[in-house]
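Report on one structure; see the data block that follows.
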Amino acid sequence: MSALFCGVDFGTTNSTVGVCDAGGAPALVPLERGEGTIPSALFFSLDGGGVSFGRDAVSRYMNSAEGRFMRALKSILGTGLMEETTLVGRDRLTFQRIIGRFLGHLRQRIEAAHGEVPQKVVFGRPVRFVDDDNAADRRAQEQLEAAAHAEGFGHVEFQFEPVAAALHVEHMLSDETLALVVDIGGGTSDFSVLRLSPRRARNVDRAGDILGTSGVHVGGTDFDRQLSIAHVMPHFGLGTRTLDGKRHLPVWYFNDMATWHRINRLYTGATMRDIRSLIREAAEPAKLERYRHLLENRSGHRMAAHVEAAKIELTTEPEAQIRFSEPGLDFIHPVMRTEFEATARELVQRIDRAIGDVLHLAGVEARDIETVILTGGGAQVPIVRAVATARFPHAHTPESDQFGSVGMGLALDARRRFGGSRC
């Protein structure tokens, strides 16, 4: 049996891998340039046919290399898109195979860092891959498991991501606490109420300590989408009418251009023909010409990245600018934090309702929660952090690794499950 225990956090925006030995503290595997996180992105080059991952993939795409860029693939799990194939260079690949390529890269990085990959690994999963569809939710986990098996991960088990984050924090506790974990990831928001303590951490079976879990399909990429729809896509034709004034232009072109995992579906001859036709019909054709530029130059993800950068800037600044400049298109649009928060209000309300749901499922009152654990990049958005802690002014909010706690918690969970007497 391997002395190394491993947990894989395949995220919508970023991924991590945690490892630990029989008795030591968990740590993140250096996945790229010495960093413990890697963007969940791939770039399939048309120049030589190679594949880049993470920051290298983002860099190649942002520098306009010829190829196919893919990101936010976790959002596709459990949806109808997983049944489709997509053209990558001269090949048609399933999305399961593409996700597998990324998981295979993670596996290579584990082996490069430690000389081995444990046969038994714990993968993280959101509480809900798909809202309100249990069959699709089960299918999403099965698809992720199949992709992992295809890349050489032998025995795969799953743990809820917020539970994993709690296990990492529990590793550092000295007293028992009733905790709420708020995990705002790139594609989902997950919540768990757990009893945590050093004594409980020694138990193999923690089912009795997990009092309730809840999740909603809202994450960082949804905030990007809402920001783009409200402040960018109107400048590319969203909300404009035909020349005769009788109808608005179809909205789905703009909704897809604002949605990370749907942008690649727009890069087809049929979409380009549609947009050229709409330009002739449009009351404001110059805006549609900007949209045509995004299609012709496959610039949709570059625009989305600048929207995301503005969102991140607004976590610390009262105002940011969405800047996009490349030959043929220059775009600058200022956004106030108050404007962004207005566009995000419905998303935040859904997060708030989910917190209420998990308290109800756990059978506890807000006043019973002693600790609130915030994790995930989305938890840094001020309006999200405010709603996540509003019910619990008395609770302690410990500092935790916003991006690494899930991966390290999964490693601890792997040790608990597979370590036998060494736990």
message = Looking at the stretch 200-209, can you tell me whether even one residue there is on the phi < 0 side of the Ramachandran plot, modelled with pLDDT under 95, in contact with a His (Cβ under 8 Å, 6 or more places away or on another chain) and not assigned by TED's automatic domain parsing to the domain that holds ILE322?
response = yes
key: Selected residue (criterion: surrounded by the fewest Cβ atoms within 10 Å (Cβ to Cβ)) from residues of the stretch 343-371 that are small (Gly, Ala, Ser) and touching a residue at least 60 places away in the same chain (Cβ under 8 Å)   = GLY363
task = Being within 25 Å of the chain's Cα centre (by Cα) and loosely packed, with under 15 Cβ neighbours inside 10 Å narrows it down to one of PRO382, PRO327, PRO334, PRO393, so name that one.
result = PRO382
message = Test of understanding: among GLU326, GLU319, which residue is in contact with a strand residue (DSSP E or B) (Cβ under 6 Å, 6 or more places away or on another chain) and not hydrophobic (A, V, I, L, M, F, W, C)?
response = GLU319
request  = Give the residue, chosen from GLY245, GLY239, that is in the same structural domain as ARG302 (by TED's automatic domain parsing), part of a loop (DSSP other than H, G, I, E, B) and surrounded by 13 or more Cβ atoms within 10 Å (Cβ to Cβ).
outcome  = GLY239
request  = Give the residues of the stretch 142-164 that are without any contact (Cβ under 8 Å) to a residue 24 or more places away in the chain and under 18 Å from the mean Cα position of the chain (by Cα), sorted by residue number.
outcome  = GLU145
task = Working only within the stretch 71-95, note down all residues that are in a helix (DSSP H, G or I) and surrounded by 20 or more Cβ atoms within 10 Å (Cβ to Cβ).
result = LEU73, LYS74, SER75, ILE76, PHE95
ask   = In the stretch 58-70, which residues are within 19 Å of PHE324 (Cα to Cα) and crowded, with 23+ Cβ neighbours inside 10 Å?
value = TYR61
query = Quick one: is ALA136 small (Gly, Ala, Ser), in contact (Cβ under 8 Å) with a residue 24 or more places away in the chain and either within 30 Å of LEU167 (Cβ to Cβ) or part of a helix (DSSP H, G or I) (or both)?
reply = yes
key: Single match in ARG225, ARG292, ARG302, ARG265 (criterion: in a helix (DSSP H, G or I) and surrounded by fewer than 17 Cβ atoms within 10 Å (Cβ to Cβ))   = ARG265
task = Kindly indicate whether any position in the stretch 107-126 is part of a helix (DSSP H, G or I) and surrounded by 21 or more Cβ atoms within 10 Å (Cβ to Cβ).
result = yes
note = Among PHE191, PHE158, the single one that is out of contact with any Phe, Trp or Tyr (no Cβ under 7 Å at 6 or more places or on another chain), of a type outside the set (Gly, Ala, Ser) and part of a strand (DSSP E or B) is PHE191
ask   = What number goes with the only condition from (1) among the hydroxyl-bearing types (Ser, Thr, Tyr); (2) closer than 19 Å to THR221 by Cβ; (3) modelled with pLDDT of 95 or more that TYR267 does not pass?
value = (3)
note = The helices (runs of 4 or more DSSP H) lying entirely within the stretch 316-423 that contain at least 2 residues which are under 30 Å from HIS306 (Cβ atoms) and of a type in the set (Gly, Ala, Ser) are 382-389, 405-418
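The values are calculated or read from the model by the stated rules, or taken from the named source; none is laboratory data. Being a predicted model, the structure only gives us computed values, none of them experimental. In this analysis, Cβ positions are derived from the backbone assuming ideal geometry, glycine residues included, and neighbour counts consider all displayed protein chains.
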